[in-house]
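The values are calculated or read from the model by the stated rules, or taken from the named source; none is laboratory data. Please read these numbers as outputs of a predicted model, since none were measured by experiment. Quick reminder, even Gly has a Cβ in these numbers, built from the backbone with ideal geometry, and neighbours come from all protein chains shown.
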Amino acid sequence: MRRRTSTRVVSLVAALAITGASTVATVAGPAGPAGAATTPGTTPAAAPGRVTASVTTPASLAQAALARMTQAQRVGQLFMVGTPATGLSTAAASAISTFHVGNLILTGRSYAGTTPVRYLAATADRRTTSTATAGVPLLVATDQEGGAVQVLQGSGFTRIPTALTQGTWADTTLTASAASWGLQLARAGVNLNLAPVMDTVPATLGTRNPPIGYWYREYGHTPTVVATKGSDVVRGERSAGLAVTAKHFPGLGHVTANTDTSAGVTDTVTTRTSADIAPFRAAIAAGAPVVMVSLAVYSRIDASHPAVFSPTVITGMIRGDLGFKGIVVSDDLGNAKQVAAWSPGTRAVAFIAAGGDVVLTVIASVLPTMVAAVNARATTDPVFRAKVDAAAYRVLLAKATYGLLAPRLATDGVLGPLTVSALQRWLRVTVTGTLGSTTVRALQARVGTTADGLWGPASMAALQSYLGIARDGAGTWNARTVNAGQAYLNTQL
């Protein structure tokens, strides 16, 4: 609870609920992968700047990606590994290239603003080769809740107040603010926020609840308030193209210890029909494509297993009671004291066997053991292998829904019509494939320099700074900068 390439024109699939219903392939605008929030089973209106291209479905794209993957690559889609938010670690880079890991979480704190995050996301994206991930891009996640739990800070990121403060705002204000926060993340190359927190902390417990209440991470002290305000955040951030996560199911509001730092953490209050489940139901209805499962034990639901290892919680409640068809991600299984009694491999296998999809480990050192255990079990156990395949499909379906399985730009350093067209879609200007003054002015405004329509040394320096690469004194376009721009656009379109 801390807290691929193609020479074809880039075209993206419109965001829709993760049911796999039919949709149309579209060309994305700059907000990133997702469109407006919807209720499950409906197709949202395309985001501004999207243009219909051809008919397809996220389901067909996900099936095609799954079919071309080896077992090891499918297993890799079921892991999310941590890297410091300040830069891609060697261990995380190796996790993608060597262990086929398909998802990344930015951890710790970064105070340097958006620029280094853009560079990190583009650098990680370059590793999603056909050999590594079958060309499937990463979900790049972080914890951007607000208050004490805001990983990314500095220029370009609003300092977000605590959830308890957010919960006092008008619904329209909170939704609009969340849309702004979501756009900041999306433009930095982050496509998944591990927020909002949908846990309800009773006022009688308050700050004596270590994981949530102590840090004011709850939106209020009743399920009604949490459901309303948390759903505002879901809708707002999704409207900016960001995937979001309802956490920590079935709730950490009644515990008196933190699963990160303590073992034996048990909730003796929550039941399968508790009112505290309602906020998670509301977040799913608002379009949250991911649900995170708590590591606590819930003695009145399944006294024999932590929720993260419980078929009753994951398959029975999340999939059954709530009808959720999206991604179920674990809370941190790498370093949390609550699960230290289980070996890393056992943790990963138990979570997937219970019906989970993405094993999150903030520390990369346990990843090889976890991956090996899942691969070994999948090789010898057909029932478990079927669960791996089903989980990999759900991850791929979510990625297709958020536009991540579309054709991509070649990072060849050539500023040709395909790259210019992608740039224009990102800038939401008329797509001509020609770099005219209108496009130049829009790009200058986006990277923070004088928007005069004349591209020279000052514009080039501003673009290079925006992309997080060193300024080289160039007065016009060069292959190095175009290459970096193409890599960045692949995290945006």
For this session: Please tell me if residue 78 is under 22 Å from residue 469 (Cα atoms), touching a helix residue (DSSP H, G or I) at 6+ places or on another chain (Cβ under 9 Å), of a type in the set (A, V, I, L, M) and not assigned by TED's automatic domain parsing to the domain that holds residue 469.
Result: no
Problem set entry | Criterion (surrounded by 22 or more Cβ atoms within 10 Å (Cβ to Cβ), aliphatic (A, V, I, L, M) and over 30 Å from residue 74 (Cβ atoms)) met by exactly one of 178, 121, 134 | 178
Exercise. Residue check, residue 420 against (1) touching a Pro at 6+ places or on another chain (Cβ under 7 Å); (2) within 30 Å of residue 477 (Cβ to Cβ); (3) in a helix (DSSP H, G or I); (4) not small (Gly, Ala, Ser), all met but one. Which one?
Worked result: (1)
For this session: Specify the residue that is nearest to residue 363 (Cα to Cα); the eligible residues are those in the stretch 53-99 that are of a type in the set (S, T, N, Q) and touching a strand residue (DSSP E or B) at 6+ places or on another chain (Cβ under 7 Å).
Result: 83
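Among the residues that make up the stretch 384-405, is at least one of them aliphatic (A, V, I, L, M) and outside any helix (DSSP H, G or I)? Lay out the reasoning, then the answer.
From the stretch 384-405, those aliphatic (A, V, I, L, M) are 386, 388, 390-392, 395-398, 400, 404-405; that's our starting set.
Within this subset, residues satisfying the condition of being outside any helix (DSSP H, G or I) are 404-405.
Within the stretch 384-405, one or more residues are aliphatic (A, V, I, L, M) and outside any helix (DSSP H, G or I).
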Exercise. In this structure, is residue 406 of a type in the set (A, V, I, L, M, F, W, C), more than 25 Å from residue 454 (Cα to Cα) and touching a Pro at 6+ places or on another chain (Cβ under 8 Å)?
Worked result: no
Exercise. Of (1) over 15 Å from the mean Cα position of the chain (by Cα); (2) part of a loop (DSSP other than H, G, I, E, B), residue 101 satisfies all except one. Which?
Worked result: (1)
For this session: Being buried (at least 20 other Cβ atoms within 10 Å of the Cβ), closer than 25 Å to residue 87 by Cβ and among the β-branched types (Val, Ile, Thr) narrows it down to one of 439, 411, so name that one.
Result: 411
For this session: Starting from the stretch 310-337, take each residue that is more than 25 Å from residue 263 (Cβ to Cβ) and list its partners that are among the acidic types (Asp, Glu) and not in a strand (DSSP E or B), counting only C-beta distances under 7 angstrom and pairs at least six apart or across chains.
Result: 327/357
Exercise. Hey, among 484, 451, which residue is hydrophobic (A, V, I, L, M, F, W, C) and within 22 Å of residue 125 (Cβ to Cβ)?
Worked result: 484
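Regarding the stretch 213-220, can at least one residue be identified that is small (Gly, Ala, Ser) and surrounded by fewer than 22 Cβ atoms within 10 Å (Cβ to Cβ)?
Restricting attention to the stretch 213-220, the residues satisfying the condition of being small (Gly, Ala, Ser) are 213, 220.
From the residues that got through so far, the ones that are surrounded by fewer than 22 Cβ atoms within 10 Å (Cβ to Cβ) too are 220.
Yes, some residue in the stretch 213-220 is small (Gly, Ala, Ser) and surrounded by fewer than 22 Cβ atoms within 10 Å (Cβ to Cβ).
Is there a residue being at pLDDT below 95 and outside any helix (DSSP H, G or I) anywhere in the stretch 457-472? Walk me through how you get there before you give the answer.
If we filter the stretch 457-472 for residues that are at pLDDT below 95, which is where we start, we get none.
Within the stretch 457-472 (the criterion being at pLDDT below 95 and outside any helix (DSSP H, G or I)), the answer is no, since none of the residues qualifies.
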